[in-house]
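Read through the structure below, which is laid out as structure tokens, and then see the notes.
Quick note: the coordinates plus some simple rules give every number you see, no bench work behind them. For clarity, every value in this text was computed on a predicted model and none was experimentally measured.
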Amino acid sequence: MGNVFGSGSTGDDLYLSNGGTAAFLDALWLAVSDLARRPWDFRFAAFLALRDQNVMGRGVVGFDLEDIDWGGTPAERAQAKDFVLRVIDLALERHRWDELTYEPPYVPGYLQRYRAMVEAFAPPPRPADEDVFPGPDGAVTASCVRHRVLDALPYWEGCVFCTGGTMR
């Protein structure tokens, strides 16, 4: 069982095992937690939090880039895409990976492939499934004091590291 992270109509997908998905999302979570500043950034963080396999279930947390609400105007879509690329780039720098309880050897390859998918993706004016991407009221803005990352509130108490135990 695994998860699929797709780029939409291009058919370019990233297939990850459950363990690969957890490591991929851990790396993204460390980066998104340190870069989020705008309301959309915190909505994207909530979107990632809702992919926590320890809460949502293994093998059910993939997503398609078309499901993200990138924004209503070309400028908003460009700004959102830039943020996601910056998150990936920071994760590629192994940002805070020394705090993980494991070494994620395959994650750089996953991130490079995913970055290429996001780079080539043309965000649509409306998400394919408007119920998938959290709205402004669903943004994660609280911090997990223990792990110094965003908390998964309002969805559940604790961050992805509290639920997964993969951070020192």
Karplus-derived HN-Hα couplings along the stretch 14-31 (A = 6.51, B = -1.76, C = 1.60, θ = phi - 60°), whole Hz, x at Gly and Pro
10, 9, 10, 5, 4, x, x, 4, 4, 5, 4, 6, 4, 4, 5, 5, 4, 6
Find, to one decimal place in angstroms, the Kirkwood hydrodynamic radius of the stretch 77-131, where the mean of 1/r is taken over every pair of different Cα atoms and then inverted.
12.8
Starting at the first residue of the stretch 66-74, write each ³J(HN,Hα) from the Karplus equation 6.51 cos²θ - 1.76 cosθ + 1.60 with θ = phi - 60°, in whole Hz, x for Gly and Pro.
5, 7, 7, 7, 6, x, x, 10, x
Give the long-range amide H neighbours of residue 63: residues separated by 5 or more places, or on another chain, with amide H under 5 Å away, using H modelled in the peptide plane at 1.01 Å from N.
4, 5, 6
Show the residues, 5+ positions off or on another chain, whose built amide H is closer than 5 Å to the amide H of residue 150.
33, 144
With x for Gly and Pro, the residue-by-residue ³J(HN,Hα) of the stretch 88-101, computed from phi through the Karplus equation 6.51 cos²θ - 1.76 cosθ + 1.60 at θ = phi - 60° and given in whole Hz, is 4, 4, 5, 5, 5, 7, 6, 4, 6, 5, 5, 8, 6, 8
